[in-house]
Amino acid sequence: MNILLIYPEFPDTFWSFKHALKLAHKRAASPPLGLLTIAAMLPQGWGRRLIDLNVTKLAGSDLKWADAVFISAMLVQREAARQIISRCRQAGLLVIAGGPLFTSEYEQFEEVDHFVLNEGELTLPPFLADLAQGRAKRVYTTKEFADIGTSPAPAWELLDMRRYAAMSLQYSRGCPFQCEFCNVTVLFGHHPRTKSTPQVLAELNALYELGWRESVFFVDDNFIGNKKHLKTDLLPALIEWRKSRGGLSFYTEASINLADDEELVELMVQAGFDMVFIGIETPDEAGLAESGKIQNQRRDLVEDVKRLQRSGLQVLGGFIVGFDSDTPEIFQRQIDFIQKSAIVTAMVGLLHALPGTRLYERLEKENRLLADSTGDNVSLCTNIVPIMRLETLQEGYKSILRNLYSPERYYQRIKAFLQDFRPPQGQGPLSFHYKLAFLHSIYRLGILGCERVHFWKVMLWTLFRRPRLMRQAVTLAIYGYHFRIINKKYILH
């Protein structure tokens, strides 16, 4: 049986980084890890092709070759997924769907033949067994959580790695916290489940042997959910592993309580982590309490961020406006917090209610849901009726983005971040794509760009004061180029 594994295209949003990637001649930030893992679970002898529409096109020859299609997607890919499903149906192919989008709303996709939902380690085997016997059901689902110690290594060989800025690897699933707006625990539970250290090292070895020498994204929703295993097992093993293998660096997602554990932070930095995404959400205690963000309450969030930066972890921050407790003052408070903390990459979005979350259930009871979430909270749309007047919320949100991503304010944050950030140890040599991006940034930002004065001030300051951080300075400048395009094109027009 010949299987196409198709990943729909992401829309052009803050998270896509498309305009930044173009400067480095890359097509996508990272590959579809879920589909690569599913591919590794398919029967021996089946033909497999990965079609990631973020880096390539679906050709008619692919459709003629295939017997069936596996498609996975997130909420933000909903419309692109519909188009792909229709095209595959017209080609007469069997369509099997799974992943977060379909797990949340499979009833809305009538053209799909079979749904393999929740965690594939549990639902794919019975589907394949039934398919072989000609009695496959339409929906396969489970309320159980998989032992990810049984997960196979992703089928990296299906990728053209040159198209991606980073590779992806999953160490754990689940999160010990229960934020009202978050669907992570709905999908993966509260108890963090981890792969074994040998599993993680085997996946890294496979990437290394295939020639990968750049960033690896640990896609865990909360990497530090099981601190004990990290400290005593995985991180010491990663430190040893990297001693004989240069070039790779890691980044991940974690909760702010990471800043409380100096030992854990130091181990992560020694193991090669240099960046972490943290959901800060809001500097307002009432908003944190309302959303159940207990790990962020009653602490000095600015100092927590600074502590991580001084230790060698760049903090990417997630922020939300539109909580019931928010007043019009929240917009300036968010701006002030982000500038003061020197979080250069600050993703601010309007509150959305995702299916299955406590927020969704609460607002449904209050008759305050407008539609399904688009999955893109970094836009002027929201699927809830806010307490604040919607026009006030949208205008305030625009003011945040207009301020944060103006060249002057953005480059102020770059310089403030570089002043405190501890340079990472053992950085590999600059790749060809990075050198290319640097040259393009000089042309696009330093010559043509509206930010050229700010660009050169920060580049020259970095060159003379923090030369070891030039890589970070250039990367952040390129990110800013992407953010400004998105702001101008989709939000501030």
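The values are calculated or read from the model by the stated rules, or taken from the named source; none is laboratory data. What you see is a predicted model; the values in this text were computed from it and never measured. When we count neighbours, we look across all protein chains shown, and the Cβ atoms used for this are built from the backbone with ideal geometry, even at glycine.
Report every pair of residues separated by at least 6 positions or lying on different chains whose Cβ atoms are under 8 Å apart, first residue within the range 193-205 and surrounded by 14 or more Cβ atoms within 10 Å (Cβ to Cβ), second acidic (Asp, Glu).
Arg193/Asp147; Thr197/Asp233
What residue, of Ala132, Ala136, is touching a His at 6+ places or on another chain (Cβ under 7 Å), at pLDDT 95 or above, more than 30 Å from Lys228 (Cα to Cα) and not assigned by TED's automatic domain parsing to the domain that holds Thr197?
Ala136
Mind listing whichever residues of the range 356-378 are in a loop (DSSP other than H, G, I, E, B) and surrounded by fewer than 19 Cβ atoms within 10 Å (Cβ to Cβ)?
Gly356, Glu366, Asn367, Arg368, Leu370, Ala371, Asp372, Thr374, listed by residue number.
In the range 314-352, how many are aromatic (Phe, Trp, Tyr) and closer than 14 Å to Pro386 by Cα?
1
Of the conditions (1) surrounded by 19 or more Cβ atoms within 10 Å (Cβ to Cβ); (2) at pLDDT 95 or above; (3) within 30 Å of Ile239 (Cβ to Cβ), Ala146 satisfies every one except a single condition; which number is it?
Tallying (1) surrounded by 19 or more Cβ atoms within 10 Å (Cβ to Cβ); (2) at pLDDT 95 or above; (3) within 30 Å of Ile239 (Cβ to Cβ), Ala146 fails exactly one: (1).
Are there any pairs, at least 6 apart or on different chains, whose C-beta atoms fall under 8 Å, with the first in the range 468-482 and more than 14 Å from Arg413 (Cα to Cα) and assigned by TED's automatic domain parsing to the domain that holds Lys18 and the second assigned to a helix (DSSP H, G or I) and of a type in the set (Lys, Arg), and if so, which?
Listed pairs, sorted by first residue: none to list.
Of the residues in the range 156-181, how many are crowded, with 22+ Cβ neighbours inside 10 Å and out of contact with any helix residue (DSSP H, G or I) (no Cβ under 7 Å at 6 or more places or on another chain)?
3
Give the residue, chosen from Ala91, Ala80, Ala129, that is free of Cβ contacts under 8 Å to residues at least 40 places away in the same chain and either under 20 Å from Leu50 (Cα atoms) or buried (at least 22 other Cβ atoms within 10 Å of the Cβ) (or both).
After ruling out the rest, the residue left standing is Ala91.
Consider Ile294 carefully, then state whether it is modelled with pLDDT of 95 or more and within 25 Å of the chain's Cα centre (by Cα).
Against the criterion (modelled with pLDDT of 95 or more and within 25 Å of the chain's Cα centre (by Cα)), Ile294 qualifies.
Name every residue in the range 185-197 that is within 18 Å of Leu122 (Cβ to Cβ) and not in a loop (DSSP other than H, G, I, E, B), in order of residue number.
Result: Thr185, Val186, Leu187, Phe188, Arg193, Thr194.
Within the range 217-247, work out how many residues are assigned to a loop (DSSP other than H, G, I, E, B), in contact with a helix residue (DSSP H, G or I) (Cβ under 7 Å, 6 or more places away or on another chain) and either buried (at least 20 other Cβ atoms within 10 Å of the Cβ) or of a type in the set (Val, Ile, Thr) (or both).
3
Tally up the residues in the range 106-136 that are farther than 24 Å from Arg78 by Cβ and either among the basic types (Lys, Arg) or in contact with a helix residue (DSSP H, G or I) (Cβ under 9 Å, 6 or more places away or on another chain) (or both), please.
Here the count works out to 5.
Here are the criteria: (1) without any contact (Cβ under 8 Å) to a residue 24 or more places away in the chain; (2) of a type outside the set (A, V, I, L, M, F, W, C); (3) in the same structural domain as Asp324 (by TED's automatic domain parsing); (4) not in a loop (DSSP other than H, G, I, E, B). Tell me which single one Lys435 does not satisfy.
Checking Lys435 against (1) without any contact (Cβ under 8 Å) to a residue 24 or more places away in the chain; (2) of a type outside the set (A, V, I, L, M, F, W, C); (3) in the same structural domain as Asp324 (by TED's automatic domain parsing); (4) not in a loop (DSSP other than H, G, I, E, B), the one that fails is (3).
Any residue in the range 16-41 that's over 13 Å from Val55 (Cβ atoms): show its pairings with residues that are charged (D, E, K, R) and surrounded by fewer than 21 Cβ atoms within 10 Å (Cβ to Cβ) at Cβ separation under 7 Å, as long as the two are six or more apart or on different chains.
Close Cβ pairs (under 7 Å, with a partner that is charged (D, E, K, R) and surrounded by fewer than 21 Cβ atoms within 10 Å (Cβ to Cβ)) amount to Leu23/Arg444; Ala39/Arg48.
How do the pairs read when you match residues in the range 360-378 that are outside the structural domain of Glu9 (by TED's automatic domain parsing) and more than 22 Å from Lys398 (Cα to Cα) with residues anywhere that are surrounded by fewer than 19 Cβ atoms within 10 Å (Cβ to Cβ) and of a type in the set (Val, Ile, Thr), using Cβ under 6 Å and keeping only pairs 6 or more apart or on different chains?
Arg368/Val385
Would a scan of the range 267-276 turn up a residue that is aromatic (Phe, Trp, Tyr), under 26 Å from Val216 (Cα atoms) and modelled with pLDDT of 95 or more?
Yes: one or more hits.
Just one of (1) crowded, with 16+ Cβ neighbours inside 10 Å; (2) at pLDDT below 95; (3) more than 19 Å from the chain's Cα centre (by Cα) trips up Gly287, so point out which.
(2)
Does Arg444 meet the test of being crowded, with 18+ Cβ neighbours inside 10 Å and among the basic types (Lys, Arg)?
Judged against the criteria, Arg444 is a match.
For Leu476, which of the numbered conditions (1) within 26 Å of Met268 (Cβ to Cβ); (2) among the hydrophobic types (A, V, I, L, M, F, W, C); (3) surrounded by fewer than 20 Cβ atoms within 10 Å (Cβ to Cβ) fails to hold?
Every listed condition holds for Leu476 apart from (3).
Could you say whether any residue in the range 60-69 is assigned to a strand (DSSP E or B), within 25 Å of the chain's Cα centre (by Cα) and closer than 29 Å to Thr13 by Cβ?
yes
Can you say whether Lys457 is under 28 Å from the mean Cα position of the chain (by Cα) and surrounded by fewer than 16 Cβ atoms within 10 Å (Cβ to Cβ), as far as the supplied structure shows?
Here the answer is no, as Lys457 does not meet what is asked.
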